[in-house]
1. Determine the relative contact order of the chain: mean sequence separation of Cα pairs under 8 Å and six or more apart, normalised by residue count, in whole percent.
2. Can you list the residues of the stretch 13-32 with backbone N under 12 Å from a point 7 Å past the Cα of Val71, pointing along Cα to Cβ?
3. Once you charge only the Cβ atoms, +1 for Lys and Arg and -1 for Asp and Glu, what is the size of the charge dipole of the chain about its Cα centre, to the nearest 20 debye?
4. With angles folded into 0 to 90 degrees, how steeply does helix 30-40 sit against the dominant principal axis of the chain? Use alpha carbons for both and round to 10.
5. Using a cut-off of 20 Å between alpha-carbon atoms, which lysines can reach Lys30, once sequence neighbours fewer than 8 places away in the same chain are excluded?
6. Where the accessible area of the chain is counted over protein heavy atoms with a 1.4 Å probe, how much of it, in %, is carbon and sulfur?
7. Could you tell me which trypsin sites (Lys or Arg not before Pro) in the stretch 12-74 are loop residues by DSSP with no more than 11 other beta carbons within 10 angstrom of their beta carbon?
8. With N denoting the number of residues in the stretch 21-81, provide Rg(C-alpha) divided by 2.2 N^0.38 Å, to two decimal places.
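The values are calculated or read from the model by the stated rules, or taken from the named source; none is laboratory data. This is a predicted model, so every value here is computed, not measured. Cβ: placed from backbone, ideal geometry, glycine included. Neighbour counts: every protein chain shown. The accessibility values were calculated without ligands, DNA or RNA, using every heavy atom of the protein model including side chains. Shrake-Rupley method; radii C 1.70, N 1.55, O 1.52, S 1.80 Å.
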Amino acid sequence: MYFWLVDVKSTVVVNGVDTAFDYINTFYDKKIAMRTAKALVANPDVLEVDVHKWRLFADGTQEHVDGNGTVYTFRNEKHREFVGD
């Protein structure tokens, strides 16, 4: 069975300080994973969203598909870390 991880890298302001905030969501449908990634990268706090393809084996082990398994990377070029001060 295959599944897709949507890895979100963001910077949020906590008590006036930029703080890294990363999280991962799991999807069983590639189309939904891609649609979600595209929507998330529009958030001004999101720096980058990666979609990774994984395989789950019958014995419960998992592995990235095709090396690191990154299917797509969406980068928010308007994020403050790219634009600067």
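1. 31 percent
2. Under 12 Å, as judged by backbone N against the label point of Val71, lie 26-32 of the stretch 13-32.
3. 400 debye
4. 10 degrees
5. By straight Cα distance, Lys30 reaches Lys9, Lys38, Lys53.
6. 53 percent
7. none
8. 1.25
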